[in-house]
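Quick notes on the structure that follows.
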Amino acid sequence: MNKKPIMTWLFLLIQIIVFLLMELQGGSQYTPVLIQYGAKFAPAIALGEWWRLITPIFLHIGFTHLLVNSVTLYFLGSMVEQTLGHFKFTWLYLAGGIMGNALSYQFSESISAGASTSLFGLFAVFIALAVLYPDNHYISALGRQYRTLIIVNIVMSLFGHSVDLWGHLGGILGGFIATFMIMSGQERGNSLINRVLALVVYIGIVGFILLNHGIYNTLL
């Protein structure tokens, strides 16, 4: 198997190109440009633009936002992709981002964008792997490390300005559930059951939010 993290590089290339295009069209911090390029914008999602659960993953608001997330994606994404393979990495990255944007849509009216939903999903992958492979000491140690990293980042998010906390929490949830869909785990006899249950839970959460019109249901 090709160990080069080609999907990580591809996602990096996409978000850099999109950022440059946004800057040329008025700036990545300009709200109309963000909406035009597919930021999480609750009124549009409520009208059926469900693709806005995916496109925000590749948008960034300002150069610092892009830089921090790109560096994190380069190192973390490469690690996950080289460990689990191209397909599994791609699925986990997108699944974390979709769930993160779904929870943000459910609980926040703010326009948001960024790869952090997916990156928090990748953090959660190691926690899920520690649950699936409890006798693997290396994986268990990684799980503890990333659990601590998640806690520190969530606490920092509470004090940050313009941080989409619900997006981060959703990314964690999405990455955790998505790992159970594609990894067999130590108890292989329960593999199919675990995968089906994880799929049902994931679809159930996202489907309920979309059909219930997210935050707009609470405002009616």
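The values are calculated or read from the model by the stated rules, or taken from the named source; none is laboratory data. Being a predicted model, the structure only gives us computed values, none of them experimental. Cβ coordinates were reconstructed from backbone atoms using ideal geometry, including for glycine residues, and neighbour counts include every protein chain displayed. Protein only, heavy atoms only, side chains kept; ligands, DNA and RNA dropped before computing areas. Shrake-Rupley method; radii C 1.70, N 1.55, O 1.52, S 1.80 Å.
Here are some notes:
- Verdict on Q15 being modelled with pLDDT under 95 and among the polar types (S, T, N, Q): no
- Condition check for S184 on (1) among the hydroxyl-bearing types (S, T, Y); (2) assigned to a helix (DSSP H, G or I); (3) more than 24 Å from I35 (Cβ to Cβ): one failure, at (2).
- For T8, the stated conditions hold: it is of a type in the set (S, T, N, Q), crowded, with 20+ Cβ neighbours inside 10 Å and under 24 Å from I172 (Cα atoms).
- Members of segment 23-33 found to be under 20 Å from T117 (Cα atoms) and open to solvent by less than 10 Å² (accessible area, probe 1.4 Å), listed by number: S28
- Every test in (1) more than 14 Å from S104 (Cβ to Cβ); (2) open to solvent by 10 Å² or more (accessible area, probe 1.4 Å) is passed by R52 save one, and that test is (1).
- Residue match in segment 51-61 (condition: closer than 28 Å to L142 by Cβ and among the hydroxyl-bearing types (S, T, Y)): no
- Matching entry among I215, I205 (being modelled with pLDDT under 85, β-branched (V, I, T) and open to solvent by less than 80 Å² (accessible area, probe 1.4 Å)): I215
- Residues considered: L53, L122, L94, L84. Of these, the only one that is farther than 18 Å from M7 by Cβ and among the hydrophobic types (A, V, I, L, M, F, W, C) is L53.
- Residue ranges of helices (runs of 4 or more DSSP H) in segment 1-70 with at least 1 members within 29 Å of T83 (Cβ to Cβ): 6-24
- Listed by position, the helices (runs of 4 or more DSSP H) inside segment 85-181 whose residues that are out of contact with any strand residue (DSSP E or B) (no Cβ under 9 Å at 6 or more places or on another chain), surrounded by 24 or more Cβ atoms within 10 Å (Cβ to Cβ) and without any contact (Cβ under 8 Å) to a residue 40 or more places away in the chain number at least 1 are 116-132.
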